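A short write-up of the structure that comes next.
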Amino acid sequence: MSEQVQVILGDITKQAVDAIVNAANTTLQGGGGVDGAIHREAGPHLVWECRKLGGCPTGGAKITKGYYLPAKHVIHAVGPIWQGGTAGEEELLARTYRSVFELVAQHSITSLALPAISTGAYRFPLDRATRIAVRETHSFLQRHSGLKHVVFVCFERPTYDAYVAAVAETFG
Ligand code: AR6
C-alpha cells in the first residue's frame, strides 16, 4: 500500500489534518450522519459560514474553515443519491471527488481525510463507491505532488474492508 494513503476505522471529526471532507447535501445547512457529527464538533460558526455559500449542486464541493475541529478546513462535498444506477450516479460520484481535489489543489492542502461519501443515507453501493473514491484519489496523486497524506476514515467495519481491498487493488 502507498505510504501516502491510509485506511482507518474511526471518527473523521478527530482527524488533525489540513482538511476533512464532509458528505453534505445541496443546502450545506447540516444534516445527519457525518455531516451532523462535523457540525456538532465544529460549533455554530460553521453553519453561519455555510449559510453564506448559497448551497452547492450535486457533484460539487465548497470549502470553509474548521472552527473547533482539529482540522483547519472542511470541504463540503455533495454526492449523488443512489437511484438504482441508471441516473448517472457513478459519474456524479466521480465528479464529487474531482471537485474535492480541485479545492485541495487550489488551497495547497497537504493532508486530507475523507469519509465514504454517498454510502450512508444516500445508499450508494459500498464496493462501487469505494472503487470510485480510490480511483479518483490515485489519479489526483499521480498528477499533484503537494498532497502528501490521504486518510480514508471508515466508521464501520464493512466500509474499512471495502477500502482496504480497493486501495490494495489500485495502489498495489
Ligand atoms: N466519521 C467518519 N465517517 C462517518 C461518521 C464519522 N463521524 N459518521 C458517519 N460516517 P452519510 P451520505 C460514515 O449518511 O450517504 C446527511 O444527512 C457513514 O457510516 O453521513 O453521503 C447529509 O446532510 C457512511 O459510511 O452521508 C446528507 O443529507 C459515510 O459516513 C446525507 O446525509 C457517509 O454516510 C448524505 O448522505
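Data for the structure
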{"quantity": "Sorted by Cβ density within 10 Å, fewest first, the residues Arg40, Arg143, Arg131, Arg98", "calculated": "Arg143, Arg40, Arg98, Arg131"}
{"quantity": "Estimated inter-spin distance, Lys14 and Gln29, nm [label 7 Å along Cα→Cβ]", "calculated": "3.2"}
{"quantity": "Centroid-to-centroid separation of segment 60-89 and segment 130-154 [C-alpha atoms, Å]", "calculated": "15"}
{"quantity": "Restricting segment 1-109 to GluC sites (Glu not before Pro) in coil, as DSSP defines it, with at most 11 other Cβ within 10 Å", "calculated": "Glu3"}
{"quantity": "At least 24 Å along the helix axis (C-alpha) and Kyte average at least -0.5, DSSP helices within the chain", "calculated": "89-106"}
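FYI, it's all coordinate maths here, none of it is from the lab. Here the structure is a predicted model, which is why all the values come from computation and not from measurement. In this analysis, Cβ positions are derived from the backbone assuming ideal geometry, glycine residues included, and neighbour counts consider all displayed protein chains.
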